[in-house]
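Trainee: Here it is, the structure in full.
The values are calculated or read from the model by the stated rules, or taken from the named source; none is laboratory data. Because the structure is a prediction, the values reported are computed rather than measured. Cβ: placed from backbone, ideal geometry, glycine included. Neighbour counts: every protein chain shown.
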């Protein structure tokens with residue numbers, strides 16, 4: 001087991017990334033997030049077909065723009081890849097995502113929290129996307145958990161804020177069937193971490209088979225919320241936060257549930273688990 005060194009992580013140089021994208025990349029991302037399952041659904045084809053005059057990019061594409069890869073898994077961080085889990089994600093949009101452009105990202109560690117000897121470590125980082133003019137396009141904050149890496153004497157994590165879903169029935173209930181090869185499709189967006197493609201790597205991490213990317217599950221949820229709560233208008237997306245609470249395997253059927261106040265979650269009914277919990281979407285009027 002790799003010994004975690006918080007000092008080494010703080011000193012680790014996360015590269016600045018430049019990324020240029022085009023309408024075809026937007027369509028690939030949309031299809032990899034489940035859009036196009038219904039070839040007659042115009043609300044999906046608008047995002048999945050780059051030849052349409054009304055073609056648009058999904059707001060959640062911010063997750064893959066100028067993505068530096070799973071940098072936490074690199075040797076210089078001293079974080080053991082087999083013990084890392086992505087547990088929280090937030091996005092704040094400062095401007096809509098266009099169907100083409102150039103963006104630069106900068107990523108930094110914003111917090112390292114210690115649960116004590118034998119406990120977990122929570123690693124907080126932030127990635128900011130800047131467009132060609134230098135203006136901020138989106139800010140993405142994520143939290144990773146390093147299992148059993150604690151005990152280095154760091155400060156404890158902040159107490160989590162828990163938001164329960166409303167007592168009323170969901171306003172939105174949409175089933176989305178993921179495909180057996182969905183993780184292989186999603187990784188074409190640039191997330192090449194082997195946990196999502198290698199049976200051996202998945203086995204080493206304690207899973208029976210490769211997992212679907214958590215950010216793919218998040219993208220699936222957000223495309224459903226776009227078509228329902230946001231009435232198909234990407235410009236209304238302002239902020240989203242969510243927690244990953246259980247893995248999803250490619251081929252699982254998902255149930256996206258959402259309420260009018262922006263609360264949402266993603267369930268895997270066949271396994272009776274909640275894959276995304278504590279979801280909150282803030283929309284502009």
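Trainee: Which of the residues spanning region 1-33 are part of a loop (DSSP other than H, G, I, E, B), touching a strand residue (DSSP E or B) at 6+ places or on another chain (Cβ under 7 Å) and either surrounded by fewer than 20 Cβ atoms within 10 Å (Cβ to Cβ) or modelled with pLDDT of 95 or more (or both)?
Mentor: Matches in region 1-33: 14, 16.
Trainee: State which residue pairs qualify: first residue without any contact (Cβ under 8 Å) to a residue 12 or more places away in the chain and inside region 50-75, second residue assigned to a loop (DSSP other than H, G, I, E, B) and surrounded by fewer than 17 Cβ atoms within 10 Å (Cβ to Cβ) in any location, beta carbons under 9 Å apart, and separation of 6 or more residues or different chains.
Mentor: Pairs that qualify, where the first residue is without any contact (Cβ under 8 Å) to a residue 12 or more places away in the chain and the partner is assigned to a loop (DSSP other than H, G, I, E, B) and surrounded by fewer than 17 Cβ atoms within 10 Å (Cβ to Cβ), are 75/2.
Trainee: Tell me which of these residue 100 doesn't satisfy, since it passes every other one: (1) within 24 Å of residue 226 (Cβ to Cβ); (2) surrounded by 15 or more Cβ atoms within 10 Å (Cβ to Cβ); (3) in contact (Cβ under 8 Å) with a residue 40 or more places away in the chain.
Mentor: The one condition residue 100 does not meet is (2).
Trainee: OK, next. Would you be able to say whether some residue in region 136-158 is loosely packed, with under 15 Cβ neighbours inside 10 Å and under 30 Å from residue 19 (Cα atoms)?
Mentor: Checked region 136-158: at least one residue is loosely packed, with under 15 Cβ neighbours inside 10 Å and under 30 Å from residue 19 (Cα atoms).
Trainee: Next question. Go through (1) surrounded by fewer than 16 Cβ atoms within 10 Å (Cβ to Cβ); (2) within 19 Å of residue 68 (Cβ to Cβ); (3) in contact (Cβ under 8 Å) with a residue 40 or more places away in the chain one by one and return the number of the condition residue 126 breaks.
Mentor: Unmet condition: (3).
Trainee: Looking only at helices (runs of 4 or more DSSP H) that lie completely in region 173-285, which have at least 1 residues being in contact (Cβ under 8 Å) with a residue 24 or more places away in the chain, touching a strand residue (DSSP E or B) at 6+ places or on another chain (Cβ under 7 Å) and buried (at least 22 other Cβ atoms within 10 Å of the Cβ)?
Mentor: Where helices (runs of 4 or more DSSP H) fall fully within region 173-285 and carry at least 1 residues being in contact (Cβ under 8 Å) with a residue 24 or more places away in the chain, touching a strand residue (DSSP E or B) at 6+ places or on another chain (Cβ under 7 Å) and buried (at least 22 other Cβ atoms within 10 Å of the Cβ), they are 214-227.
Per-residue answers, yes or no, for (1) modelled with pLDDT of 95 or more; (2) on the phi > 0 side of the Ramachandran plot; (3) in contact with a helix residue (DSSP H, G or I) (Cβ under 8 Å, 6 or more places away or on another chain):
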{"position": "93", "(1), (2), (3)": "yes, no, yes"}
{"position": "102", "(1), (2), (3)": "yes, no, no"}
{"position": "129", "(1), (2), (3)": "yes, no, yes"}
{"position": "141", "(1), (2), (3)": "yes, no, no"}
{"position": "150", "(1), (2), (3)": "no, no, no"}
{"position": "155", "(1), (2), (3)": "no, no, no"}
{"position": "164", "(1), (2), (3)": "no, no, no"}
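Conditions (1) farther than 18 Å from residue 123 by Cα; (2) assigned to a loop (DSSP other than H, G, I, E, B); (3) within 19 Å of the chain's Cα centre (by Cα), marked per residue:
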| site | (1), (2), (3) |
| --- | --- |
| 44 | yes, no, no |
| 55 | yes, yes, no |
| 62 | yes, no, yes |
| 67 | no, yes, yes |
| 72 | no, no, yes |
| 76 | no, no, no |
| 87 | no, no, yes |
| 99 | yes, yes, no |
| 108 | no, no, yes |
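Trainee: Given the condition buried (at least 18 other Cβ atoms within 10 Å of the Cβ) and more than 27 Å from residue 263 (Cα to Cα), answer yes or no: does some residue in region 34-47 qualify?
Mentor: No.
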